[in-house]
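A.B. asks: Submitted below is the structure of interest, expressed as structure tokens.
The values are calculated or read from the model by the stated rules, or taken from the named source; none is laboratory data. Since the structure is predicted, the reported quantities are computational estimates derived from the model, not experimental observations. Don't worry about glycine lacking a Cβ; one is built from the backbone with ideal geometry, like all the others, and counts go over all protein chains shown. Surface accessibility is based on the protein's heavy atoms, side chains included, excluding ligands, DNA and RNA. Shrake-Rupley method; radii C 1.70, N 1.55, O 1.52, S 1.80 Å.
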Amino acid sequence: MKRRSFLKTTAASFGLATVGTASAKPDRDNYRPGGPKLGSSKSINLNAFHTNEELTRELEAIDRKSNRVSLEEIGRSAGRNDPIWEVQVGNGDTEVHLITQIHGDEAIGTEVALKVIKSLGMSNSRQVNHILDNLSFTIIPRVNPDGAMYHYDFDGDGDAEWVGRRQNTQSWTEGESQYRPYYYSTSPGGDPGYDMNRDFNIQPPSEFNPRTDAEEEWWSDEQYLDMPYEGHTLFRSGLRLAPEVRAVTESFIDADPDYAITHHHKGGNLYPDSGDENKPAKQTLMSVMAAYGEDYLDRSPFYPATHEPVTDAVNPFLDYETSTRSIKLNSLVIDALAQRGNSIFDSITRYGYYPLWGSYLDSLSPNIANDANSVAGMLYEVAYQTDDLGQKGLGRQMELTKVGFLESFDALADDPELADYSVETYFDTPLYGEGIQSR
């Protein structure tokens with residue numbers, strides 16, 4: 001299998017410094033790599049992240065200084081009415097659609113995406129020029145401006161703290177859909193909103209209107225839209241109620257990408273590789289996930305199961321070629337991080353894939369705009385939400401994300417089919433929740 005020397009080439013070209021991995025002795029009962037106990041006053045201050053206004057200023061400055069970058073406001077957030085920005089850069093034949101921070105309390109992808117945009121727009125390195133000659137990017141660096149800036153009084157002291165949250169800020173009203181969907185919530189803080197990574201729909205906007213096209217018999221328990229589609233039932237489909245989701249959908253359709261990448265955080269509960277009590281248990285700081293179709297059904301950890309439909313285990317609308325590219329994209333990231341040796345960075349796990357029929361990856365990857373061109377997809381999840389991540393943990397998660405993004409771009413620029421990578425690397429990687437074995 002082809003191996004790359006990321007640190008000697010990509011990092012230098014992009015001008016992004018490597019973050020160290022040393023850590024202090026942990027509290028063994030509440031160990032978090034680089035982070036304090038949940039709720040500690042030493043948790044990361046969100047002032048380390050860009051506000052919506054600061055993000056706008058940074059993007060506009062890059063747009064002014066670079067003749068490569070095209071910056072466009074593609075929509076406004078439901079609650080704050082803040083802009084949703086799209087950046088286009090590159091001249092290559094392989095199209096990449098990248099979104100970050102669809103969940104407002106998952107900010108690291110935005111920070112790394114901003115650095116990448118700046119490098120792609122302004123660097124003249126050989127590495128960057130090679131990538132831009134072969135790839136074209138459509139990047140939405142912050143899908144959820146409402147959640148990113150969410151404030152509420154979580155400690156009861158009378159002042160609203162900036163904590164961020166998963167949802168946007170948007171009320172459901174009678175008539176918007178037959179019933180109020182399951183992913184609508186008022187937690188935390190009491191303000192209504194949607195988990196927007198459950199709000200996408202596989203049908204094109206011209207063919208699905210939640211007010212008129214979601215039939216009564218499709219609804220389960222008056223909250224789940226189980227929608228029939230091309231001979232299958234897509235359980236818990238989204239309704240495309242959020243303006244942010246509609247903007248991302250139109251961006252995706254216009255881009256007509258070959259690859260789709262989405263970045264997230266996950267909760268805690270990280271898993272060790274051994275019972276060695278002489279040192280902290282080894283942790284995983286990132287999980288990756290590939291979307292794939294029925295050609296890999298026998299590799300699904302969720303199939304067969306009693307009476308389980310295929311649409312609960314794989315995406316039946318992704319063909320073999322697309323599924324293979326998806327898996328290989330994940331394999332190359334696993335490989336790139338494994339090169340860091342026996343460290344926190346080589347402890348990557350994978351999620352056992354099953355479709356979420358309201359998610360960006362599963363609803364849009366069949367490419368609702370172009371039936372002839374399915375889209376290979378990858379999901380990143382770095383460990384912990386921003387309200388319980390220490391400063392050292394922040395650096396590590398940014399480094400993991402940076403390596404993954406840039407190594408992916410470098411490999412795709414060399415070969416968009418990723419022929420030098422193996423699907424077995426992905427399937428040999430431990431599932432999230434299993435013990436991690438040193439590689």
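A.B. asks: Do you know which residues across region 69-90 are closer than 26 Å to residue 133 by Cβ and open to solvent by 70 Å² or more (accessible area, probe 1.4 Å)?
C.D. replies: 72, 88
A.B. asks: Let me ask you something else. Can you give me the number of residues within region 397-429 that are farther than 17 Å from residue 131 by Cβ and aromatic (Phe, Trp, Tyr)?
C.D. replies: Of the residues in that region, 3 qualify.
A.B. asks: Among (1) modelled with pLDDT of 80 or more; (2) open to solvent by less than 10 Å² (accessible area, probe 1.4 Å); (3) within 30 Å of residue 237 (Cβ to Cβ); (4) over 15 Å from the mean Cα position of the chain (by Cα), there is one condition residue 367 misses while meeting the rest; what is its number?
C.D. replies: Every listed condition holds for residue 367 apart from (1).
A.B. asks: A follow-up question, please. Under 9 Å between Cβ atoms, at least 6 apart or on separate chains: pull out the pairs that start in region 211-233 with a residue that is of a type in the set (Ser, Thr, Tyr) and end on any residue that is open to solvent by 50 Å² or more (accessible area, probe 1.4 Å) and part of a loop (DSSP other than H, G, I, E, B).
C.D. replies: These pairs meet every condition: 224/182.
A.B. asks: Name the residues in region 168-179 that are over 20 Å from residue 103 (Cβ atoms) and crowded, with 16+ Cβ neighbours inside 10 Å, would you?
C.D. replies: Correct list: 177, 178, 179.
A.B. asks: On to the next question. Which ones in region 132-169 are closer than 30 Å to residue 95 by Cβ and part of a loop (DSSP other than H, G, I, E, B)? Quick ask: steps written out before the conclusion?
C.D. replies: So the first thing to find is which residues in region 132-169 are closer than 30 Å to residue 95 by Cβ, and the list is 132-148, 166-168.
Hits for region 132-169 are 141, 142, 143, 144, 166, 167, 168.
A.B. asks: Report yes if some residue within region 297-309 is touching a strand residue (DSSP E or B) at 6+ places or on another chain (Cβ under 6 Å), among the small types (Gly, Ala, Ser) and modelled with pLDDT under 90; otherwise report no. Walk me through it before giving the result.
C.D. replies: Our first condition is that a residue be touching a strand residue (DSSP E or B) at 6+ places or on another chain (Cβ under 6 Å); within region 297-309, this holds for none.
Checking region 297-309: not a single residue is touching a strand residue (DSSP E or B) at 6+ places or on another chain (Cβ under 6 Å), among the small types (Gly, Ala, Ser) and modelled with pLDDT under 90.
A.B. asks: Which one of these does residue 226 not meet: (1) touching a strand residue (DSSP E or B) at 6+ places or on another chain (Cβ under 6 Å); (2) assigned to a loop (DSSP other than H, G, I, E, B)?
C.D. replies: Condition (2) is where residue 226 drops out.
A.B. asks: Follow-up question, since we're still on this one. Looking at (1) over 16 Å from residue 176 (Cα atoms); (2) over 26 Å from the mean Cα position of the chain (by Cα); (3) modelled with pLDDT under 95, find the lone condition where residue 228 falls short.
C.D. replies: Failed condition: (3).
A.B. asks: Got at least one residue in region 96-106 being small (Gly, Ala, Ser), modelled with pLDDT under 95, assigned to a loop (DSSP other than H, G, I, E, B) and on the phi < 0 side of the Ramachandran plot?
C.D. replies: So the first thing to find is which residues in region 96-106 are small (Gly, Ala, Ser), and the list is 104.
Now drop any that are not modelled with pLDDT under 95, which leaves 104.
Retained after the next criterion (residues that are assigned to a loop (DSSP other than H, G, I, E, B)): 104.
Subset that is on the phi < 0 side of the Ramachandran plot: 104.
Checked against the condition, which is being small (Gly, Ala, Ser), modelled with pLDDT under 95, assigned to a loop (DSSP other than H, G, I, E, B) and on the phi < 0 side of the Ramachandran plot, region 96-106 yields at least one hit.
A.B. asks: Could you tell me whether residue 184 is open to solvent by less than 20 Å² (accessible area, probe 1.4 Å) and touching a strand residue (DSSP E or B) at 6+ places or on another chain (Cβ under 8 Å)? Show your work before the answer.
C.D. replies: Values: open to solvent by less than 20 Å² (accessible area, probe 1.4 Å): no; touching a strand residue (DSSP E or B) at 6+ places or on another chain (Cβ under 8 Å): yes.
So residue 184 fails the test.
A.B. asks: Would you please name the residue that is surrounded by the fewest Cβ atoms within 10 Å (Cβ to Cβ), looking only at residues in region 155-167 that are of a type in the set (Asp, Glu) and under 20 Å from residue 51 (Cα atoms)?
C.D. replies: Our first condition is that a residue be of a type in the set (Asp, Glu); within region 155-167, this holds for 155, 157, 159, 161.
Right, trim to under 20 Å from residue 51 (Cα atoms) and you get 159, 161.
Numbers: 159: 9, 161: 13.
Among residues in region 155-167 that are of a type in the set (Asp, Glu) and under 20 Å from residue 51 (Cα atoms), the one surrounded by the fewest Cβ atoms within 10 Å (Cβ to Cβ) is 159.
A.B. asks: Does residue 347 meet the test of being at pLDDT 85 or above and open to solvent by less than 10 Å² (accessible area, probe 1.4 Å)?
C.D. replies: Details: at pLDDT 85 or above: no; open to solvent by less than 10 Å² (accessible area, probe 1.4 Å): yes.
Taking the combined requirement at face value, the residue does not satisfy it.
A.B. asks: For region 227-270, give me each residue that is within 16 Å of residue 113 (Cβ to Cβ) and open to solvent by 10 Å² or more (accessible area, probe 1.4 Å).
C.D. replies: Residue satisfying the conditions is 255 alone.
A.B. asks: Quick check: anything in region 187-210 part of a loop (DSSP other than H, G, I, E, B), of a type in the set (Lys, Arg) and open to solvent by 30 Å² or more (accessible area, probe 1.4 Å)?
C.D. replies: Scanning region 187-210, I find no residue that is part of a loop (DSSP other than H, G, I, E, B), of a type in the set (Lys, Arg) and open to solvent by 30 Å² or more (accessible area, probe 1.4 Å), so the answer is no.
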